[in-house]
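Bear in mind these aren't lab numbers, they're just calculated from the coordinates by the rules spelled out. All values derive from a computational prediction rather than experimental measurement. Neighbour counts are summed over all protein chains in view; Cβ atoms, including those assigned to glycine, are modelled from backbone coordinates with ideal geometry.
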């Protein structure tokens, strides 16, 4: 089981590191610039050190550290660390994250207060991808379903308080949790859909209806139907689709990154799904070794496994 925990975090990190290389590019641009991306020996981004990845990996590590430090109330530690990270590299973070830090400076770690502040400042913002890195360690650590649901929603609402994000974050975490124990990817996916429906309020499901219907219709899609925009619905849909369609962890991560658009968020999530299902040992070691924060991210995975709550 430890292999699944470390595989999940390292798969996320690898997907982010490869995806950020191709961020906001079109598929034609990628092919013109890098040639056949799938061929490791053929060059392209695989010959570039993935390095530290993007803000996705920073958010993943900060949330894991906060959960391990104080499982019952990780939000103060997380927000304090996020404040520091944004002050050091403000160019890495989007408007929602910076506004959340603004709210924290005024309100402390009052999640409902931050939620109201964000609603006032940002309106009905639908991006939501910044919640994905935080749901990964929460899903691994909080073993009881209802407890996981509560913490996942509060982590998400720190920056993206919206019913659509609520639904997709809860579903994503349940999918990760199911993959920890299920040898059948499709069965785990179906079970996660059921649990998201069961553990969310009816009004949340109603407001997220369009996104929910897209996930339920996933098996009827073709790859050409996948969207590459920055909305969390597009990211979750494409990552889950590719994960269910491909058998090899490297193919899952590469094909997710290779779609271009918001490549880091999508490839990171696809990598987390691949890592938790296949385990650490099935991830491509030659690429994993290039990750700057390899030891730290792997140790966080081990600690989440040891201390799971």
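What is the Cα centroid distance between the stretch 247-309 and the stretch 77-99, reported in whole angstrom? Using only Cα atoms, the two centres lie 23 Å from each other.
Among 72, 3, 52, 112, which comes first, second and so on when ranked by fewest other beta-carbon atoms within 10 Å?
On the way: 72 7, 3 18, 52 15, 112 11.
Final ranking by Cβ density, sparse to dense: 72, 112, 52, 3.
Across 147, 159, 95, mean-square fluctuation computed from a Gaussian network of the chain (C-alpha pairs under 10 Å connected) peaks at 95. Its convex hull of Cα atoms gives the stretch 172-284 a direction-averaged projected area, equal to a quarter of the hull surface, of 6.7 nm². Counting only Cα atoms, the size of the chain along its three principal axes is 52, 42, 38 Å, in decreasing order. Largest mean-square fluctuation among 131, 265, 295, in a Gaussian network model of the chain whose springs join Cα atoms under 10 Å apart, belongs to 295.
When its C-alpha radius of gyration is set against 2.2 N^0.38 Å (N residues), the stretch 234-309 gives a value of 1.13.
What is the fewest-to-most order of 266, 134, 149, 119 by other Cβ atoms lying within 10 Å of their Cβ? Provide the component values of the computation, followed by the final result.
Values: 266 32, 134 28, 149 22, 119 14.
Starting with the residue having the fewest Cβ neighbours, the order is 119, 149, 134, 266.
In nm, to one decimal, how far is the residue 222 label point from the residue 194 one, both placed 7 Å along Cα→Cβ? That separation, rounded to one decimal, is 3.2 nm. Across the chain, Cα pairs under 8 Å and at least six residues apart give a relative contact order of 37 percent.
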